[in-house]
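Remarks on the structure that follows.
The values are calculated or read from the model by the stated rules, or taken from the named source; none is laboratory data. Here the structure is a predicted model, which means the values were calculated and not measured. Using ideal geometry, Cβ is built from the backbone for each residue, glycine included, and neighbour counts are taken over all protein chains shown. Keep in mind that these areas ignore ligands, DNA and RNA; they rest on the heavy atoms of the full protein, side chains included. Shrake-Rupley method; radii C 1.70, N 1.55, O 1.52, S 1.80 Å.
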Amino acid sequence: MGYSTIDTHCHLDIIREQGQEIEETLAKSRIAGVDRMVQIGIDLPSSIEAVRISETHSKDDLEIFYSIGCHPTETHEFPNADQILDLAKSRMDDSKFSAIGEIGVDLYHDASTRLAQNEVLRKFLEFSSENKLPVVIHSRDAFEDTYVALKEYKSKAFGVIHCFTYDYEAAKQFVDLGYYVSFSGIVTFKSATDIQEAARKIPLETILIETDAPFLSPMPHRGKRNDSSHLPFVLEKMFSLRTETNAEVADRIYQNSLKFTQRKAYHHA
């Protein structure tokens, strides 16, 4: 398509575990126009690995930024929250350290840990607010819990709702709190009408795109292993949903993504 893109959320380490080496993923992504990506930490080991991947594989034509976090389903990692935050503290001067996350609430997999998830989320939100770091929020079947927590930190914490799976009303409420909303390959699915409506209606300056690779391959690759080279399919879907020109959509989303990797939110810019 000829447009540069930024994958704001991917898991190069998990792609590698599934059989595709990092350099192969990066080569494919460069060809597809991806020139920046964010490698996501989901626990202490993957956060340490995110730092290593950024230091080892980042190049001028494809920079790898990273986040440090504790995924809400990784409950066995909750006792390591302080160690994860210590790692984050040690990386504050690294310009490629973009965000805290992914963190959040996931009641789809195990609602019995709801209280613990909420407590850990607030612990990381507190750190984010103190250090002016964006957060990467994972929220699945947990809009109310997520919204209440983020509202408590309104104007103190900011960031992105990653892999958005709710409807327009939910998206609007997150945007009103000062968050970007990020759309993954799910937005290309025929059944994702609520998500598509949200992508169509919220302000363009609040939108990011991502792959969440190796998960959630967009159409026409649904069901196959995902990687950042598939990001243009998400952007193409955004073109079909928005009323702005393709060039305006591509440029605005790119600039939004650039700001996010630079620890900025759209309303703080």
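For the range 43-73 and the range 212-248, compute the distance between their C-alpha centroids and round to whole Å.
22
Once every DSSP H run of n ≥ 4 in the chain is given -39500 (n - 2.57) and the sum is divided by its residues, what mean residue ellipticity at 222 nm do you get, rounded to the nearest 500 deg cm²/dmol?
After summing the helix terms and dividing by the residues of the chain, the value is -13000 deg cm²/dmol.
Compute the Cα gyration tensor for the chain, then decide on rounded, prolate or oblate, letting a ≥ b ≥ c be the square roots of its eigenvalues: rounded whenever a/c is under 1.5, prolate when a/b is larger than b/c in the other cases, and oblate in all that remain. Spell out each step's value before the answer.
Values: a/c = 1.41, a/b = 1.13, b/c = 1.24.
Verdict is rounded for the chain.
With a 10 Å cut-off between alpha carbons and a GNM built on the chain, which of 209, 100, 31 moves the most?
Greatest mean-square fluctuation among the candidates belongs to 31.
Considering only 247, 213, 142, give the residue with the highest GNM mean-square fluctuation for the chain, with springs between Cα atoms whenever their separation is below 10 Å.
247
Between beta-carbons, use under 12 Å as the cut-off and find the net charge around residue 133, counting Lys and Arg +1, Asp and Glu -1.
+3
When all protein chains stay in place, what accessible area (Å², nearest 10, 1.4 Å probe) is found for residue 108?
Looks like 120 Å² after rounding.
Explain nothing, just the number: relative contact order of the chain, from Cα pairs under 8 Å at least 6 residues apart, as a whole percent.
Computed value for the chain: 20 percent relative contact order.
Rounded to the nearest 10 Å², what accessible area does residue 123 show when all protein chains are kept and the probe is 1.4 Å?
Near enough 80 Å² of accessible area.
What accessible area, in Å² to the nearest ten, does a 1.4 Å probe give for residue 222?
Per-residue accessible area (residue 222): approximately 130 Å².
Name the most mobile residue of 148, 181, 38, meaning the one with the largest mean-square fluctuation, in a Gaussian network model of the chain with Cα contacts below 10 Å.
Of 148, 181, 38, the most mobile in the Gaussian network model is 148.
Taking the DSSP beta bridges in the chain as the whole, what percent of them are antiparallel, to the nearest 5?
5
Provide the net charge surrounding residue 121, with neighbours chosen by a C-beta distance below 11 Å and charges set as Lys +1, Arg +1, Asp -1, Glu -1.
Net charge in that neighbourhood comes out at -3.
For 219, 238, give me the order by solvent-accessible area with a 1.4 Å probe, most accessible first, ignoring ligands, DNA and RNA.
Sorted descending by solvent-accessible area, the residues read 219, 238.
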